[in-house]
Structure formats: C-alpha cells, structure tokens
Amino acid sequence: MFTQTWKKYLPVILIMLKRSVNGDQSLSMNHTDFERAAGGKKIKYSFSNLKLDKGRINSMAKHSNIAKELAALLVEDESSVKLVRASQFEFSMGTDFKLMIRNHTVAEAAVPTTEE
C-alpha cells in the first residue's frame, strides 16, 4: 500500500542514511502522499522503534504496515541494501509526517598500540 510512496522518498532517505553517521536526521514528508496511498482508510501513520540491525528488522516490537513496508524496501532495494546491511538504524515517524533516522552503528574500536 505504501511502497510506492516510500519509493518516492527513497533517494532522499538514502542520503540521510549516509549522513546519519554524523547525527540524527529528519525528513518532513507530505501527508497527502500517505493519505492517498491509504485510499481513504483511517490508519495510524506514525511509528517508532523500527530498528534495522545489519538488514534485519527487530522482531520484538509489533510494527504497523507503513513501517514494515519501509523496512522491506530498504532491505530489498539495490541502492540501499549494502548500506543497511552494514549498519544499525532506528526509524520513527510522528503524526507530523517527519521521518527520524538514527544511526546506532558503533565505530570500530581503535586497537591501542603499546610502547615498550
């Protein structure tokens, strides 16, 4: 239902995923895109705690269709799969249709050198 809408925003989301290394990212989206995709059905557009850990969705939380379709697109799309499988991301979207992206990837710990 929302796959086409997410595909519309995918190029910008990819840029935000890359920039998320430097800090949290947010994207304000048009509510009419999602309302049109829902076909007039009253549904909950907001979601939180959608985590992708090396390309796998967290199964502990129950996710709405809008969140599941975003995760499925990111895991299946050629342009995002490499980035998503190498990192840990958290996504949330409020009722204001602002997508928040947090990168929880831990930087590789530098190996300390010992001088003797």
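Within region 12-32, track down each residue that is surrounded by 16 or more Cβ atoms within 10 Å (Cβ to Cβ) and under 16 Å from Asp96 (Cβ atoms).
Of everything in region 12-32, those that are surrounded by 16 or more Cβ atoms within 10 Å (Cβ to Cβ) and under 16 Å from Asp96 (Cβ atoms) turn out to be Gln25, Met29.
Quick grid of which residues meet (1) on the phi > 0 side of the Ramachandran plot; (2) modelled with pLDDT under 90; (3) in a helix (DSSP H, G or I); (4) loosely packed, with under 10 Cβ neighbours inside 10 Å:
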residue: Glu69; (1), (2), (3), (4): no, no, yes, no
residue: Phe89; (1), (2), (3), (4): no, no, no, no
residue: Val106; (1), (2), (3), (4): no, yes, no, yes
residue: Pro112; (1), (2), (3), (4): no, yes, no, yes
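For residues in region 38-67 being small (Gly, Ala, Ser) and touching a residue at least 12 places away in the same chain (Cβ under 8 Å), which is surrounded by the fewest Cβ atoms within 10 Å (Cβ to Cβ)?
Gly39
The values are calculated or read from the model by the stated rules, or taken from the named source; none is laboratory data. This one's a predicted model, so the numbers in the text were calculated from it and none came from an experiment. Counting neighbours? That spans all protein chains shown, and the Cβs are built from the backbone with ideal geometry, glycine included.
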